[in-house]
Each structure stands twice: as structure tokens, then as C-alpha cells.
């Protein structure tokens, strides 16, 4: 990425953090943490997306997204399905 693109991405991510904090402050008891909402948004935009691809989209570590997906699945908000192309158990 170019320096300008890196700076722009950093600025956008900073704005998103501020918005998430503001929503939490303005709407006490909001039912989902903002990170879970972001995962749901990515899944809605990219149905069938895998954890690794979602992590790249969100600029998060794979294990962080996997934990969020597990939490959403446990809450009945997301369904985890094996990828038929992935032969791992």
C-alpha cells in the first residue's frame, strides 16, 4: 500500500472506533459489542465468507474473528458451516 493509502486506512479505522464508542455511550445496554456487529456486517456483505477472509476484511487476527464467530454462533446469530473445499477436520 502507498503511504497515502496507509494514512487514509488509519484515519478511517480511527473514525470507526470513535463511532463505535459513541454508540455504546449513547445507547446503554446495546445488546451486542461493536466487534460482533462488525463481523455480522462483513458476513452480510459477503455471505459464506470464511474466518480468514473476514479477519483480513476487518484487519483483525484470525483467532480474534474465530472467537467472535463462536460467540455469535453460541448466541444463535450466526451459523458456522464447514467449507467443503477444506479437507481439514
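Values quoted throughout were computed directly from the atomic coordinates according to the rules given, and no laboratory measurement underlies them. This one's a predicted model, so the numbers in the text were calculated from it and none came from an experiment. No Cβ is skipped: glycine too gets one built from the backbone with ideal geometry, and neighbour counts run over all protein chains shown.
Okay, here's what the table says:
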{"read-out": "Qualifying residue in the stretch 15-23 (condition: in contact with a helix residue (DSSP H, G or I) (Cβ under 6 Å, 6 or more places away or on another chain) and either farther than 16 Å from residue 70 by Cα or outside any helix (DSSP H, G or I) (or both))", "value": "yes"}
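The rows are residues; the columns are (1) surrounded by fewer than 16 Cβ atoms within 10 Å (Cβ to Cβ); (2) under 11 Å from the mean Cα position of the chain (by Cα).
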residue: 41; (1), (2): yes, yes
residue: 46; (1), (2): yes, no
residue: 53; (1), (2): yes, yes
residue: 56; (1), (2): yes, yes
residue: 69; (1), (2): no, yes
residue: 73; (1), (2): yes, no
residue: 80; (1), (2): yes, no
residue: 85; (1), (2): yes, no
